[in-house]
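Below: the structure, in structure tokens.
The values are calculated or read from the model by the stated rules, or taken from the named source; none is laboratory data. Values in this document were obtained by computation on a predicted structure and should not be read as measured data. Every residue, glycine among them, receives a Cβ derived from its backbone with ideal geometry; neighbour counts consider all protein chains shown.
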Amino acid sequence: MKIYKSLLFFKYFGTRPTYLILPLLLAIYSSAISQKTIDEGWATLFNGKDLKGWTTKIHHYEVFDNYGDTFRAEDGIIKVRYDQYEGLFNDRFGHLYYDQPYSYFHLSLEYRFVGELFPGAPDYTLLNSGVMFHSQDPRTILKEQDWPISVEMQFLAGVEKGKERPTGNMCSPGTDIFYKGILDPNHCVNSISKTYFGDQWIKAELIVFGDSLVKHIINGKTVLEYSKPQMGGGVVNGYDSNIFNPGTPLKEGFIALQSEGQPIDFRNIKIKNLKGCMDPKAVNYKPYYIEPDPNGCEFR
């Protein structure tokens, strides 16, 4: 397929720095297929009724324990709430994982901040949440592990008029990324998005090409691009050292919605898998795939 060959050329044989070819690669995905094809292939991750197909892991609790009904399906949205918590927040950072890992994908969702920061939550979590991707399996996260080894598309809202607080940033718990062609030493990299105040719905999109390229989009505008997600860095505590190997490329992983002490709502959560059968003769061939899965082809 023309798109796939173009991607392979730049991914494996290109001589220019990744940060220079990134816009070109993303343009190939965006423009080389028709609008009809772009509109096809979306799968809904949330059924609007319950959390079937999702797994909870909250710091200080075992996997599957959705303490205090932190994550709940109500009114056709996923809500993060703390009204059943006892005592102070006590770093009970939580994540709700979709049960299928992805490698090459386009994720789309909407979020809005609501309510007040729960007492005892760190100040930096005020109007702060996010979606994790390329995460370790929640079943491998230890009871006292605070964050998953993953990459985060961070969501923020404005706190004070006149002070910028962009959203759609990148944070890297237990991971590293390359930004503008250089291994970035910072835990978070800010996007160029505008600052959004209040409880308005914001549309966030992620385009991820395995362990190579990542693009963040807020309300239809590209706000951040980077590459080469891999294990490394710091921040995460209490993890199983047997699964942590710095420098290991993150080719795929789980997607998770975050809970940090700030109430938030999520809706319209959908994904387009960009990895699949690229043989036009197969019955499950899709023109928007950019990464082949030869073992996944089905023929009559």
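Computed quantities for the displayed model
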item	result
Among the candidates Lys221, Lys215, residue that is surrounded by fewer than 18 Cβ atoms within 10 Å (Cβ to Cβ), among the basic types (Lys, Arg) and either under 30 Å from Ala73 (Cα atoms) or in contact with a His (Cβ under 7 Å, 6 or more places away or on another chain) (or both)	Lys221
Neighbours by Cβ (under 8 Å, 6+ apart or cross-chain): first from segment 213-226, closer than 14 Å to Thr195 by Cα; second of a type in the set (A, V, I, L, M) and not in a strand (DSSP E or B)	Val223/Ile192
Lone qualifier among Gly247, Gly233 - being at pLDDT below 95, small (Gly, Ala, Ser) and more than 17 Å from Tyr104 (Cβ to Cβ)	Gly233
Residue list for segment 54-82, filter: more than 19 Å from Gly238 (Cβ to Cβ), in contact (Cβ under 8 Å) with a residue 40 or more places away in the chain and of a type in the set (D, E, K, R)	Lys79, Arg81
Pick from segment 31-57, criterion at pLDDT below 95 and outside any loop (DSSP other than H, G, I, E, B), ranking: surrounded by the most Cβ atoms within 10 Å (Cβ to Cβ)	Ile38
Those strands (runs of 3 or more DSSP E) lying entirely in segment 99-179 with at least 1 residues under 22 Å from Ile77 (Cα atoms)	104-113, 128-135, 151-156
Of the criteria (1) in a loop (DSSP other than H, G, I, E, B); (2) touching a residue at least 60 places away in the same chain (Cβ under 8 Å), which one Tyr85 fails	(2)
Residues of segment 224-248 satisfying the condition of being of a type in the set (S, T, N, Q), out of contact with any helix residue (DSSP H, G or I) (no Cβ under 7 Å at 6 or more places or on another chain) and buried (at least 20 other Cβ atoms within 10 Å of the Cβ)	Gln230
Failed criterion for Tyr239 (all others in (1) farther than 25 Å from Lys275 by Cα; (2) at pLDDT 95 or above; (3) in contact with a strand residue (DSSP E or B) (Cβ under 9 Å, 6 or more places away or on another chain); (4) of a type outside the set (D, E, K, R) hold)	(3)
Segment 94-115 residues that are on the phi > 0 side of the Ramachandran plot, paired with ones that are part of a loop (DSSP other than H, G, I, E, B) and among the polar types (S, T, N, Q) (beta carbon under 9 Å, 6 or more apart)	Gly115/Gln262
Hits in segment 58-76 (condition: crowded, with 19+ Cβ neighbours inside 10 Å and either under 25 Å from Trp201 (Cβ atoms) or β-branched (Val, Ile, Thr) (or both))	Ile58, Thr70, Phe71
Options Phe89, Phe64, Phe93, Phe71; residue that is in contact with a strand residue (DSSP E or B) (Cβ under 6 Å, 6 or more places away or on another chain) and modelled with pLDDT of 95 or more	Phe71
